[in-house]
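Worksheet: one structure, shown below.
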Amino acid sequence: MIASKLLFVAEAVSLAHVARPSVLAHRAVELGHEVVFASNGQFPICSASPEWQSHTLQSIAPALFLQRLAAGQPVYTEAELRQYVEADIRMLESVRPAAVVGDYRLSLSVAARKVGIPLLSIANAHWSPFARDQRMQAPEMAPARYLGYAGLDLVFRAVWPWASLHHCAAMNRVRKDHGLPPYQTLREYYCDGDLTLYSDTPALVPTEGLPASHHYVGPIVWSPTMGLPEWWERAVSQTRPLAYITLGSTGSVDLLPGIIEACLAEGLSCLVATAGRSDFRSDSPHVFSAPYLPGSEAAARADLVVCNGGSATVQQALQKGRPVLGICSNLDQVLTMKAMQQAGVGRYFRAGQFAQPRMRQALRDLATDPALRARAAAMVGEFAQWDPRIHFPRVLHTVLA
């Protein structure tokens, strides 16, 4: 493969969107490429590295991103998208990479084409226009209080075609000004690239009729490289089964005390990573917490994993063969966990459905259901087959050759 300059762009509205391109950027360095990594520095734990040059790029604040998601609003205003496109064009003209790899930096679909640089877009296969199951299920929303979640799902599916177009509207106005055709669905919007890279496996999230430009590269799993806390050996040497608990950068952190209460009631010890979003403390000798933990190692030591349903932690769990419980807030998390439940490797419910009986039953399912645990264990082989360290270079070669 020809050694080239590659630009990786992370939209730092959540940790996952920075972590995934950082994993691929490290692989590109190993392959001998010159790497420039663009982000706003929000998550330096994975965006900063002596292996590459850094380029500062502004993103909206994660808090604003979550606020708009919770309200069901488009994530970006038209003014913000125009500013993004202008900034991206300046960046591309300055860096002049052979190719750009973006994760949720949606403005690159305009900027890269204006500058004439190939765009590789990272996405989850549940957003694919070619996903086999495209039935929508509502995220956490206020109307559930009087509609119930079953009623909310019916309404959500009915209005989704309109809502999908509504979320594309601002970008479509920007695209029109640049002579580009409009998006017809949010799926098309989220998966647009000269090449689309699915951070999934076909068995977990099946698709049909993929065009040649869409590729599974395998789950892009990131885990922080860090020292272990002083309590680590005490925690993992306990005779009680272990739950690894993290709500990441986007989960309903207010549920953390209730989650731990349920785990303790079910006889579990808890490894808790707060992502720096909670000052939760417990007097229990069976609860061990830190702002960050090496997630892959924590999942490997645990018997089950409890998270916000985001693909980053879900994939950490499954890579180690551990079943996962997702307590979901936004639509991406619901779609991730819907696919995992259909694959028989996890359970989920929405944050507003949280209650001790439901939580404890889900924990019992993960701990004792032999079929669920067997399917989760089989994911170790599935993930080994779909290793992005192998599949990403193959896809990248098609661009650089």
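The values are calculated or read from the model by the stated rules, or taken from the named source; none is laboratory data. What you see is a predicted model, and the numbers here were worked out from it, not measured in a lab. Reconstructed Cβ throughout: ideal geometry from the backbone, glycine too, with neighbour counts over all protein chains shown. With ligands, DNA and RNA removed, areas are computed over all heavy atoms of the protein, side chains included. Shrake-Rupley method; radii C 1.70, N 1.55, O 1.52, S 1.80 Å.
The residue that is nearest to GLU188 (Cα to Cα), counting only those in the stretch 211-226 that are open to solvent by 10 Å² or more (accessible area, probe 1.4 Å) and of a type in the set (Gly, Ala, Ser), is SER213.
Of the residues in the stretch 42-53, not one is buried (at least 18 other Cβ atoms within 10 Å of the Cβ), among the aromatic types (Phe, Trp, Tyr) and part of a helix (DSSP H, G or I).
Please determine whether any residue of the stretch 235-256 is open to solvent by less than 50 Å² (accessible area, probe 1.4 Å) and of a type in the set (D, E, K, R). No, the stretch 235-256 contains no residue that is open to solvent by less than 50 Å² (accessible area, probe 1.4 Å) and of a type in the set (D, E, K, R).
Listed here are the residues, each with its yes/no results for (1) open to solvent by 50 Å² or more (accessible area, probe 1.4 Å); (2) in contact (Cβ under 8 Å) with a residue 40 or more places away in the chain; (3) at positive phi; (4) out of contact with any His (no Cβ under 8 Å at 6 or more places or on another chain).
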| residue | (1), (2), (3), (4) |
| --- | --- |
| LEU331 | no, yes, no, yes |
| LEU335 | no, yes, no, no |
| LYS338 | no, yes, no, no |
| GLN341 | yes, no, no, yes |
| TYR348 | no, no, no, yes |
| GLN361 | yes, no, no, yes |
| THR368 | yes, no, no, yes |
| ALA374 | yes, no, no, yes |
| ALA378 | yes, yes, no, yes |
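When GLY151 is tested against (1) open to solvent by 40 Å² or more (accessible area, probe 1.4 Å); (2) at negative phi; (3) out of contact with any Leu (no Cβ under 8 Å at 6 or more places or on another chain); (4) not hydroxyl-bearing (Ser, Thr, Tyr), just one condition goes unmet, and that condition is (1). Among the conditions (1) more than 25 Å from GLN319 (Cα to Cα); (2) open to solvent by 60 Å² or more (accessible area, probe 1.4 Å); (3) within 25 Å of the chain's Cα centre (by Cα), the only one that SER107 does not satisfy is (2).
Total residues in the stretch 329-355 satisfying the condition of being assigned to a strand (DSSP E or B) and of a type in the set (Lys, Arg): the figure is 2. Which residues, taken from the stretch 380-389, are in contact (Cβ under 8 Å) with a residue 12 or more places away in the chain and assigned to a helix (DSSP H, G or I)? Selection gives VAL380, GLU382, PHE383, GLN385, PRO388, ARG389. Note on the stretch 240-252: among residues that are modelled with pLDDT of 90 or more and outside any strand (DSSP E or B), the one that is farthest from the chain's Cα centre (by Cα) is ARG240. When ARG20 is tested against (1) in contact with a strand residue (DSSP E or B) (Cβ under 6 Å, 6 or more places away or on another chain); (2) loosely packed, with under 15 Cβ neighbours inside 10 Å, just one condition goes unmet, and that condition is (2).
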